[in-house]
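The values are calculated or read from the model by the stated rules, or taken from the named source; none is laboratory data. Please read all numbers here as calculations on a predicted model, not as lab measurements. When we count neighbours, we look across all protein chains shown, and the Cβ atoms used for this are built from the backbone with ideal geometry, even at glycine. Note: areas computed on protein heavy atoms with side chains; ligands, DNA, RNA excluded. Shrake-Rupley method; radii C 1.70, N 1.55, O 1.52, S 1.80 Å.
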Amino acid sequence: MQGFVLTRYGNAIAMELREVPEPTAGAGEVLVRVRAAGLNPIDYKVRQGAMRLVQRLDLPQVAGSELSGEVEAVGAGVTRFAVGDRVFARVDKKKLGAYANYAVVDESLVGRMPESLDFADAAGLPLAGLTALQALRDELGVTAGDRVFISGGAGGVGTLAIQLAARMGAEVATTASSRGAELVRSLGATTVVDYRKEKFKDVLSDYDGAFDLTGGDDLLDSFAVLKRGAKTVSIAGPPTPANARADFDAGPPVAAALWLAGAKVRRRARKEGVGYRFLFMHPSGADLDLLAGLVDKGELRPVTDRVLPFARIADAFAYLEQGHAKGKVVVEM
């Protein structure tokens, strides 16, 4: 079968299409015939080696984090799915494998595809949807009446986070270009700051929580718009020593390295009297089923920017890495 393989750490040519063996489902696993797969910034960050400290991969390895498709076969002990079921998944972070004609996924990580979506739109939902849901529900504990700031609201995670936060009853502020402003407002953002014209820290204040999707100065500036005692959750900033223990199953050397890497961020957070947490999203079939239910009830809609054929996945990544996508970039098998 065809697979898009991470051959080494490096630039774009470190991933290439090649023939790879077709996998088989083991106990507790499902074999999925992949119909579409979503592209994500984490995929090219893995390729660049940015995650090597906490995510060890046995290269070469078929890349890819999320998929949609049909169950082709089931392993021993699988009870939730049968051949022919339409499914979607955020695959195991250590195994990857979504960028191929077939992929094996543990049953617990698989959800039933929303009935109202085609394969392309469904493929862009798992990673971004789980990230947004777990950040807002589990880390920030968003409730009705909260004021939440989300940076970079027009991207794949942002478009879903805005909708979920608004559904939770929060008032949402976000950043976007003038081109993305109409989109984020249509999703539920009540305040939109054009990041090309002004700094959000100069116009926002007293927010109950922040979800940072852009990192860098945006992460540091997010602390200034929060109430004292509030918290920023980030997927673009440095992991913390707590992540080493809880999320990466890593020992003291990794924790020490993360402590040094994140010192500046933690100092700024303490100065502002706020908290900081890096989110390492956990794949979950149960949470995918929850998201699918919201989609089918019309309470959540994935935003897909561009769909390309699998043969052009390198072009799809080149577009994604420009940083201008509004919603998700997807390839179809």
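Observations on the structure shown:
- Cα gyration tensor shape of the stretch 254-300, rounded if a/c is under 1.5, else prolate or oblate by comparing a/b with b/c: oblate
- Debye-sum result for the stretch 1-60 in log10 I(q)/I(0), which assumes one identical scatterer on each alpha carbon, at q = 0.15, 0.25, 0.29 Å⁻¹: -0.57, -1.16, -1.21
- For Glu107, Glu22, the ranking by accessible surface with the largest value first comes to Glu22, Glu107, using a 1.4 Å probe.
- Charge-dipole axis of the chain as Lys and Arg at +1 and Asp and Glu at -1 on Cβ define it, positive-most pick from Ala36, Ala98, Val46: Val46
- Student exercise, the stretch 197-333 dipole from Lys, Arg, Asp, Glu Cβ charges, in Debye to nearest 20: 620
- 0 to 90° range, to nearest 10: angle between helix 285-296 axis and the chain longest Cα axis: 80
- Ordered by 1.4 Å accessible area with all protein chains kept, Ser205, Ser222 run largest first as Ser205, Ser222.
- The stretch 141-240: equivalent-ellipsoid semi-axes (sqrt of 5 x gyration tensor eigenvalues, Cα, Å): 17, 16, 13
- Prolate/oblate/rounded call for the stretch 16-153, Cα gyration tensor, a/c under 1.5 rounded: oblate
- Taking 24 Å as the limit for the C-alpha separation, the pairs Lys297/Lys328; Lys199/Lys271; Lys94/Lys326; Lys227/Lys271 exceed it in the case of Lys94/Lys326.
- Its relative contact order, with pairs defined as Cα atoms under 8 Å and 6+ residues apart, puts the chain at 19 percent.
- With the highest mean first, a sort of the peptides 148-155, 132-139, 30-37 on other beta-carbon atoms found within 10 angstrom per residue produces 148-155, 30-37, 132-139.
- Helix axis angle, 263-272 relative to the chain longest principal axis, alpha carbon, degrees: 40
- Inverse of mean 1/r across different Cα pairs in the stretch 185-271, Kirkwood, Å: 14.3
- When you count the other C-beta atoms within 10 angstrom of each residue and take the mean per peptide, 191-203, 90-102, 40-52 line up highest first as 90-102, 40-52, 191-203.
- The convex hull built on the alpha-carbon positions of the chain has an orientation-averaged projected area of 15.9 nm².
- Bridge type composition, the chain - antiparallel percent by DSSP, nearest 5: 55
- Protection proxy ranking of 74-80, 23-29, by the mean of other Cβ atoms within 10 Å over each peptide's residues and highest first, is 23-29, 74-80.
- Alpha carbon convex hull of the stretch 236-333, volume per residue in cubic angstrom: 191
- Here the accessible area is traced with a 1.4 Å probe on the protein chains. For the stretch 35-163, carbon and sulfur cover 48 percent of it.
- DSSP bridge orientation in the stretch 128-234 - percent antiparallel, rounded to nearest 5: 0
- Partner aspartates and glutamates for Lys95 [C-alpha distance under 13 Å; skip if fewer than 8 residues away on the same chain]: Glu29, Asp43, Asp58, Glu66, Asp106
- Orientation-averaged projected area, Cα convex hull of the stretch 137-180 (nm²): 2.9
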